[in-house]
Amino acid sequence: MLDQQNRQQFLDHLAAQLGRPPRKTVAGHYSNVTAQPTTRLTDLTADQRCEEFVKVAQEVMAVECSITTPGEAAAALLALCEQQHGGDVILNDDPRLNQYGLTQAVQAHYPTHIWSAQSAVENRTFAEKANIGIVFAEYGLVESGGVVLYSAAERGRSSSLLPQVSIVVINKSSIQPRVAQVAEILHQQAAQGVRMPSCINIISGPSSTADIELVKVIGVHGPIKQIYLIIDDL
């Protein structure tokens with residue numbers, strides 16, 4: 001364990017080897033080489049961000065994307081489920097899924113399980129055999145075509161990781177340029193005392209690997225299909 005005392009001893013020894021006294025403050029001025037980490041893609045409009053997000057997701061991440069309106073979201077989701085041959089469906093207990101009538105629509109057509117904080121074993125067992133998992137993303141990321149998922153007692157990671165098909169619902173208004181913007185949002189929330197998620201997952205497409213001769217193979221250790229249902233809430 002590196003406690004304060006041996007930490008200081010280590011730093012003193014390091015300074016002696018460098019032939020100078022230990023430094024307590026930053027020496028010199030180091031200007032930023034580029035502002036790209038925080039400014040790249042920020043000049044895009046909401047429509048442009050959505051367009052680029054879909055392009056990267058489809059062309060790079062092999063994700064199927066569907067854009068719909070709030071009023072047609074339930075019908076669009078059922079159509080996607082039908083394309084994936086229905087079967088057992090697990091959904092997170094997310095009020096946003098209820099807000100758009102998605103949970104209710106799926107329950108009316110397929111055997112479903114709603115993730116429950118009181119049913120850990122049942123949650124995982126159902127997720128493992130489910131054909132489709134439906135979750136709501138906090139953010140979409142233009143740069144990578146990925147999505148950001150928060151975990152909580154009512155929103156388990158298994159809902160998006162264990163089923164054969166993962167359907168991720170995203171509000172168009174929540175699509176961010178890149179991870180830097182999400183990190184800033186989290187920083188501001190933490191500064192205001194907002195409780196952080198138990199886990200933050202950044203998922204870019206279905207499971208895949210290109211370890212062998214750089215040939216990309218999809219469906220290795222997770223969902224073999226990922227679909228984004230983007231709701232135009234603007």
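The figures follow:
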read-out	value
Tally of residues being in a strand (DSSP E or B) and under 24 Å from Glu82 (Cβ atoms) across the stretch 123-139	5
Breaking point among (1) over 23 Å from Ala152 (Cβ atoms); (2) of a type outside the set (Lys, Arg); (3) in contact with a helix residue (DSSP H, G or I) (Cβ under 9 Å, 6 or more places away or on another chain), for Ala76	(3)
Every pair of residues 6+ apart whose Cβ atoms lie under 9 Å, when the first sits in the stretch 128-139 and is without any contact (Cβ under 8 Å) to a residue 24 or more places away in the chain and under 15 Å from Gly156 (Cβ atoms) while the second is open to solvent by 10 Å² or more (accessible area, probe 1.4 Å) and part of a loop (DSSP other than H, G, I, E, B)	none
Glu213 being surrounded by 13 or more Cβ atoms within 10 Å (Cβ to Cβ), charged (D, E, K, R) and in a loop (DSSP other than H, G, I, E, B)	no
Wholly enclosed helices (runs of 4 or more DSSP H) of the stretch 1-119 bearing at least 3 residues open to solvent by less than 30 Å² (accessible area, probe 1.4 Å)	46-59, 73-83, 102-107
Residue that is farthest from Ser198 (Cα to Cα), among those in the stretch 152-170 that are part of a strand (DSSP E or B) and open to solvent by less than 10 Å² (accessible area, probe 1.4 Å)	Val165
Contacts under 6 angstrom Cβ, first residue in the stretch 97-124 being in contact (Cβ under 8 Å) with a residue 12 or more places away in the chain and on the phi > 0 side of the Ramachandran plot, partner open to solvent by less than 70 Å² (accessible area, probe 1.4 Å) and not in a strand (DSSP E or B), 6 or more apart	Gly101/Ala74
Verdict on Val182 being of a type in the set (Val, Ile, Thr), assigned to a helix (DSSP H, G or I), in contact (Cβ under 8 Å) with a residue 40 or more places away in the chain and in contact with a strand residue (DSSP E or B) (Cβ under 8 Å, 6 or more places away or on another chain)	yes
Selected residue [touching a Lys or Arg at 6+ places or on another chain (Cβ under 7 Å) and more than 23 Å from Glu128 (Cα to Cα)] from Ala191, Ala210, Ala183	Ala210
Unique match (being within 26 Å of Ile167 (Cα to Cα) and of a type in the set (A, V, I, L, M)) among Ala16, Ala74, Ala27	Ala74
From Ser144, Ser173, residue being closer than 19 Å to Tyr228 by Cβ, outside any strand (DSSP E or B), out of contact with any Asp or Glu (no Cβ under 8 Å at 6 or more places or on another chain) and not aromatic (Phe, Trp, Tyr)	Ser144
Residues of the stretch 127-137 satisfying the condition of being within 23 Å of Ile200 (Cα to Cα) and open to solvent by 30 Å² or more (accessible area, probe 1.4 Å)	Glu128
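The values are calculated or read from the model by the stated rules, or taken from the named source; none is laboratory data. All values derive from a computational prediction rather than experimental measurement. Virtual Cβ from ideal backbone geometry, glycine too; neighbours counted across all protein chains shown. For the accessible areas, the whole protein counts, side chains as well, though only heavy atoms, and no ligand, DNA or RNA atoms are used. Shrake-Rupley method; radii C 1.70, N 1.55, O 1.52, S 1.80 Å.
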